[in-house]
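The values are calculated or read from the model by the stated rules, or taken from the named source; none is laboratory data. No experiment lies behind these values; they were computed from the predicted model shown. Cβ atoms come from the backbone with ideal geometry, glycine included; neighbour counts cover every protein chain shown. Accessible surface is based on the protein model in full, side chains and every heavy atom, while ligands, DNA and RNA are left aside. Shrake-Rupley method; radii C 1.70, N 1.55, O 1.52, S 1.80 Å.
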Amino acid sequence: MSAPLPPPVTPAAGDDVPTLLVKIFGKDRPGITAGLFDTLAAYAVDVVDIEQVVTRGRITLCALVTAPAGGPAAEGALRATVHSWAESMHLQTEIISGRGDNRPRGTGRSHVTVLGHPLTAESTAAIAARITGTGGNIDRIFRLAKYPVTAVEFAVSGAGTEELRTALAIEAARLGVDVAVVAAGLQRRAQRLVVMDVDSTLIQDEVIELFAAHAGCEAEVAEVTARAMRGELDFEQSLHARVALLEGLPESVVDKVRAEVRLTPGARTLIRTLKRLGFQVGVVSGGFTQVTDDLRERLGLDFASANTLEIVDGRLTGRVTGEIVDRAGKARLLRRFAAEAGVPLAQTVAIGDGANDLDMLNAAGLGVAFNAKPVVREAAHTAVNVPFLDTVLYLLGVTREEVEAANTHE
């Protein structure tokens, strides 16, 4: 015979139960939290909620507890005892009577991450005001990182994620700060897939320009690129035109170009941390597999796809082979990688800088424009405009302390 089920658990404080908010302020030292609750324990109160923060060695500790049994006399004794204990610890205290728990948070919950270099009081005020203007309430704020940028996260309720994202994107552009808005919920902590562009994103270089330097045709390649940017050529046309200028280069140039590639600051930290958090990481590139395959091996990437330079008899033919990775192709590959990884598209993150990344950025659950062209910044979900790729981790709610802990053995 099975054991009877336990009775349902009731909240420590219903709406009508008298409660006390006990607030402690002062210089932090070991034993304050234990000392406060030891003092309260003498009155057999139940703990309803606790919040504690320490900033530059100063503690703010808030405890919401049920009022003691015994009515006003018992509450008066509790107040006197807590004040006496706080005075002995050189702390200030405030005790506020009320009823019930905190008011319920509004529907529509989001995480708003703000990156500043530096983060000014003016920009913080403007972001907070814009949140309020959308009907949102700031429930909590905490710092994610103090370097290489200052990153803070606002937990917001009462406003839709998309509405917040639109409103704050306008404010961020005006202020010159980076703001990311993502929906709160378990999916934020779930295993994810991060896919990024290569040229001017994962690496600092444009690979075709590195090849062109060895062929002595940098100016010609730059001109074709400029024509593509002006809309005179689409990506595939410009790719074929630029690659044609590399005809005759010896295959040995591939190794030289690989050696010349410079990773973006923070790239190794980003990938290593993501992998240790259980994420899968991939790259898609309008460049060449001769470079991306090497990056995949060096960095431990899960996925990599790019165009392939044709090599015959030890020399580049000036042609590419296989399926062209263009703007539409990058989005298609994001979906393919997500399917292979078993990750819903809504839990993917895409990072890129150019117009040919836009379809991929918009298809992902979170699209991040990294030091991108204005048209890309305006169309992406969020933008990062500092030269450190690992700052993307803060947009995922990862703190600097967690990044360092994940990399302590390196």
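General remarks:
- Matching option when the condition is surrounded by 14 or more Cβ atoms within 10 Å (Cβ to Cβ), touching a residue at least 24 places away in the same chain (Cβ under 8 Å) and on the phi > 0 side of the Ramachandran plot, among Gly158, Gly176: Gly158
- In segment 255-281, the residues that are farther than 27 Å from Ile208 by Cβ form Cβ pairs under 6 Å with partners that are open to solvent by 70 Å² or more (accessible area, probe 1.4 Å), at six or more places apart or across chains, as follows: Gly278/Gln191.
- Checking segment 116-133 against the condition returns a match, with at least one residue being touching a residue at least 60 places away in the same chain (Cβ under 8 Å) and under 26 Å from Val403 (Cβ atoms).
- Filter result (over 30 Å from Ala304 (Cβ atoms), out of contact with any Leu (no Cβ under 8 Å at 6 or more places or on another chain) and not in a loop (DSSP other than H, G, I, E, B)) within segment 166-207: Thr166, Ala167, Leu168, Ala169, Ile170, Glu171, Ala172, Ala173, Arg174, Leu175
- Residue check, Leu186 open to solvent by 60 Å² or more (accessible area, probe 1.4 Å), of a type outside the set (D, E, K, R) and touching a Cys at 6+ places or on another chain (Cβ under 6 Å): no
- Criterion violated by Leu239 - all others in (1) of a type in the set (A, V, I, L, M); (2) at pLDDT below 95; (3) more than 18 Å from Ser305 (Cα to Cα) satisfied: (3)
- Take the conditions (1) under 26 Å from Arg400 (Cβ atoms); (2) crowded, with 17+ Cβ neighbours inside 10 Å; Arg143 misses just one of them, which is (2).
- Hits in segment 209-225 (condition: at negative phi, without any contact (Cβ under 8 Å) to a residue 40 or more places away in the chain and open to solvent by 30 Å² or more (accessible area, probe 1.4 Å)): Glu209, Ala213, Ala215, Glu218, Ala219, Glu220, Ala222, Glu223, Thr225
- Within segment 318-352, the residues that satisfy the criterion of being of a type in the set (S, T, N, Q) and within 23 Å of the chain's Cα centre (by Cα) are Gln347, Thr348.
- When Ala383, Ala363 are checked against the criterion of being modelled with pLDDT of 95 or more and closer than 26 Å to Ala184 by Cα, a single residue qualifies: Ala363.
- Selection over segment 30-47 of residues that are open to solvent by less than 30 Å² (accessible area, probe 1.4 Å) and either within 29 Å of Pro104 (Cβ to Cβ) or small (Gly, Ala, Ser) (or both) gives a count of 4.
- Wholly within segment 314-370, strands (runs of 3 or more DSSP E) carrying at least 2 residues that are open to solvent by less than 10 Å² (accessible area, probe 1.4 Å): 348-352, 366-370
- Sole exception among (1) part of a strand (DSSP E or B); (2) open to solvent by less than 10 Å² (accessible area, probe 1.4 Å) for Ile311, by number: (2)
- If the condition is being within 24 Å of Ala364 (Cα to Cα), in contact with a helix residue (DSSP H, G or I) (Cβ under 7 Å, 6 or more places away or on another chain) and open to solvent by less than 20 Å² (accessible area, probe 1.4 Å), then segment 267-292 contributes Ala267, Leu270, Ile271, Thr273, Val281, Gly282, Val283, Val284, Ser285, Gly286, Gly287, Phe288.
- Cross-chain or 6+ apart pairs with Cβ under 8 Å, segment 54-71 first and within 17 Å of Arg143 (Cα to Cα) and charged (D, E, K, R), then at pLDDT 95 or above and open to solvent by 70 Å² or more (accessible area, probe 1.4 Å): Arg58/Lys27
- Filtered residues of segment 372-386 (kept if part of a loop (DSSP other than H, G, I, E, B) and touching a helix residue (DSSP H, G or I) at 6+ places or on another chain (Cβ under 7 Å)): Lys373, Ala380, His381
- When each of Gly286, Gly282, Gly266 is tested for being at positive phi and not basic (Lys, Arg), the lone residue that passes is Gly266.
- Scanning segment 227-266 for residues that are open to solvent by less than 20 Å² (accessible area, probe 1.4 Å) and farther than 24 Å from Arg296 by Cβ turns up just one, Ser238.
- Test: residue in segment 148-163 that is aromatic (Phe, Trp, Tyr), under 26 Å from Leu295 (Cβ atoms) and touching a strand residue (DSSP E or B) at 6+ places or on another chain (Cβ under 9 Å): no
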